1. For the range B:349-362, which residues satisfy the criterion of being part of a helix (DSSP H, G or I), surrounded by fewer than 24 Cβ atoms within 10 Å (Cβ to Cβ) and out of contact with any strand residue (DSSP E or B) (no Cβ under 7 Å at 6 or more places or on another chain)?
2. May I ask you to list the residues in the range B:463-478 that are part of a helix (DSSP H, G or I) and free of Cβ contacts under 8 Å to residues at least 24 places away in the same chain?
3. If B:Ala271 meets every condition in (1) hydrophobic (A, V, I, L, M, F, W, C); (2) more than 25 Å from B:Ala468 (Cβ to Cβ); (3) surrounded by fewer than 24 Cβ atoms within 10 Å (Cβ to Cβ) apart from one, which number is that one?
4. Being more than 14 Å from every other protein chain (Cβ to nearest Cβ), under 19 Å from the mean Cα position of the chain (by Cα) and not in a loop (DSSP other than H, G, I, E, B), is that true of even one residue in the range B:223-233?
5. Filter the range A:54-70 down to the residues that are in a helix (DSSP H, G or I) and facing chain B (nearest Cβ under 10 Å) and list them by number.
6. Of these, B:Thr244, B:Thr182, which one is of a type in the set (S, T, N, Q) and closer than 22 Å to B:Leu80 by Cα?
7. I'd like to check something: does the range A:47-59 contain any residue that is out of contact with any Phe, Trp or Tyr (no Cβ under 7 Å at 6 or more places or on another chain), surrounded by 20 or more Cβ atoms within 10 Å (Cβ to Cβ) and closer than 22 Å to B:Val175 by Cα?
Amino acid sequence: MSGPLIVGVLVAAGVFLLLRPGQLRLVLGFVLLGHAVNVLLLAAGGLHRREPPVDGGGAESADPLPQAFILTAIVITFGITVYLLRLLRRAARRGSRPPETWDGGPR
Amino acid sequence: MSILLIVPVAGPLLAAAVLLALPDRLLLRRVVALLATAAVIAVGVVLLVATSDGEVPVLRVGDWPPVVAITLAADPLSALLVTVSAMVVLACLVAAAGTGDDRKRAFLPLSMVLSAGAYGAYLTTDLFNLFVLVEVMLVPSYVLLALSGGPGRAGAGRVYIATSLLGSTILLAGVGLLYGVTGTVGLADLAGRAREVPAAAAAGGVVLLAFALKGALVPLHDWLPRAYPVASPVVVALFSGLLTKVGLYAIIRIYAVLYGGDPAYHPLLVAVALASMVIGVLGAIGVGSMRKVLAFHMVSQIGYVLLGLALFTAASLAAAIFYLAQYVLVKAALFLCAAVVAATRGTDRLSRLGGLASSSPLLALAFGVAALSLAGLPPFGGFLAKFLVLRAANEVGDWLVLTVAVLVSLVTLLSMLKIWGVAFWGEVPRAARERTARTGLALLGPPLALGGCALLLGPLGGPLLQVADDAAAGLLEPAGYVRAVSGR
């Protein structure tokens, strides 16, 4: 039961942050959404306690595939988060800019 | 034979590493990037020939057993898309040398990584690897967009990154759900599962939703005309040939394999296809720069391909694949024409253009051929493609689809005529007279070559049609693909 609850809370918080104005909230929102998906992937392999999936773990060993998925996903999310923060810092260093139109230019 | 499958993924990645090691040798850098892409084209053609008799080359990287191996496989659809995408990348690299885009240090390595991700996405047989390769493709695109853009790039870049990230998050969630329901993410093991297990159909729906967002299908299309026109025209041409097409390819593949072309979803797909066609083409009327008009037409043209998929007959699938291949070439030709216009006149806003037909007749020729092909006039490849889609719709007897498809072609033609009338005829604006227009072969060659392909695909479209027929047969009956990939 804890799995769906954690995913639900994380998605709700992530979507709430995405819908708020402000760039930093957008980044944090995506971080939370990423965590939610990671928990979802873990739950896809089953959340109950099992033997470690090493040689001879037998039928009752944990499913290693979702954990490998999560590792990959964490690396990707981390890289993109750092890039987003860098973009944010660059925008902040340039100081306050006039508000941009929806695509930044006249139609 | 199957060892060749590693080339489209590893070749450009290696080239990117070499390019990073050669920061200052511009000529050498260009040669490395061009050679890597030319090698991918060669491999693509070899794969096309090899798959023409129904064989499916499969490579398990590192000879791991099927469940843990990264498996690459090529059927006619994958081989065709790798070849066509690599042709677009080659054209864009040459054009980037012409416009000077590739003088930025990051441009060439990033476009190599981007293209490697796209080729890999066409060849992979595993939904999780598809997610990873789509990310490999998208991350360089974020940087390319931020690097190359004009005014407003920060805003457009944010829209683009936020949309792509949301799409990737949904995609990963969908893959996770599918794994939870079926216990596998391999396409071969998932074949037909959505028809047996309703939960698998729902999880697959989440994956399809993510790819609909990446492929810019209406109603998830809004990011594309916002983000694309801000990047430099060569970068847009590169994006147009690779990014949304991967989304479209994934939708085609997943619907054909996971859902087995389940007719229960046909009305939904037809509705999305028609909405994309109409809304894209109407959106193009109201905007004022070449790149924006062309970006809206991307949404509209994607609708035609999806229409072919939605009808899911042998004829309509072949039409969709033929359409996709010729449209990738034509669209890149048009964006590269916009790149030439922007490089010579300093803008592609229609209100500041005029008289291009007299000042650069070769550009006018390239644009004219590609634009008429996009609108679907005979004898160009676009006509054959549209004719095939219409004939497939006629066989099904869907009159609404036929009417909408013909009307959208007409509006597309009007839209192209508008660009022609404003930018290519008329007076040369005063501001442009002082600029010395220098259009070398590197600038004009790529759009002319791609436009030439569009022209040749009309009268000489037979071989491509044959490939499209083979690919359609493979999608209708995925048993051969499934057997080869699963190794059973």
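1. If we filter the range B:349-362 for residues that are part of a helix (DSSP H, G or I), which is where we start, we get B:350-352, B:356-359, B:361-362.
Keeping just the survivors that are surrounded by fewer than 24 Cβ atoms within 10 Å (Cβ to Cβ) gives B:350-352, B:357-359, B:361-362.
Hits for the range B:349-362 are B:Ser351, B:Arg352, B:Ala357, B:Ser358, B:Ser359, B:Pro361, B:Leu362.
2. First, the residues of the range B:463-478 that are part of a helix (DSSP H, G or I): B:463-476.
Listed by number, the list holds a single entry, B:Pro463.
3. Looking at each condition in turn, B:Ala271 falls short on (2).
4. yes
5. Step one: list which residues in the range A:54-70 are in a helix (DSSP H, G or I), which gives A:64-70.
Once the filter is applied, which keeps residues that are in a helix (DSSP H, G or I) and facing chain B (nearest Cβ under 10 Å), the range A:54-70 yields A:Pro64, A:Leu65, A:Pro66, A:Ala68, A:Phe69, A:Ile70.
6. Testing whether each residue is of a type in the set (S, T, N, Q) and closer than 22 Å to B:Leu80 by Cα leaves just B:Thr244.
7. Here is the first cut: in the range A:47-59, the ones out of contact with any Phe, Trp or Tyr (no Cβ under 7 Å at 6 or more places or on another chain) are A:47-59.
With the extra rule that they be surrounded by 20 or more Cβ atoms within 10 Å (Cβ to Cβ), the set shrinks to none.
No: the range A:47-59 contains no residue that is out of contact with any Phe, Trp or Tyr (no Cβ under 7 Å at 6 or more places or on another chain), surrounded by 20 or more Cβ atoms within 10 Å (Cβ to Cβ) and closer than 22 Å to B:Val175 by Cα.
Yes or no, residue by residue, for (1) part of a helix (DSSP H, G or I); (2) polar (S, T, N, Q); (3) within 21 Å of the chain's Cα centre (by Cα); (4) farther than 22 Å from B:Leu465 by Cα:
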| site | (1), (2), (3), (4) |
| --- | --- |
| B:Leu5 | yes, no, yes, yes |
| B:Leu19 | yes, no, no, yes |
| B:Leu28 | yes, no, no, yes |
| B:Gly44 | yes, no, yes, no |
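The values are calculated or read from the model by the stated rules, or taken from the named source; none is laboratory data. It should be emphasised that the depicted structure is a prediction, and the values quoted were computed from it without experimental measurement. Here Cβ is always computed from backbone atoms with ideal geometry, including for glycine, and neighbour counts include all displayed protein chains.
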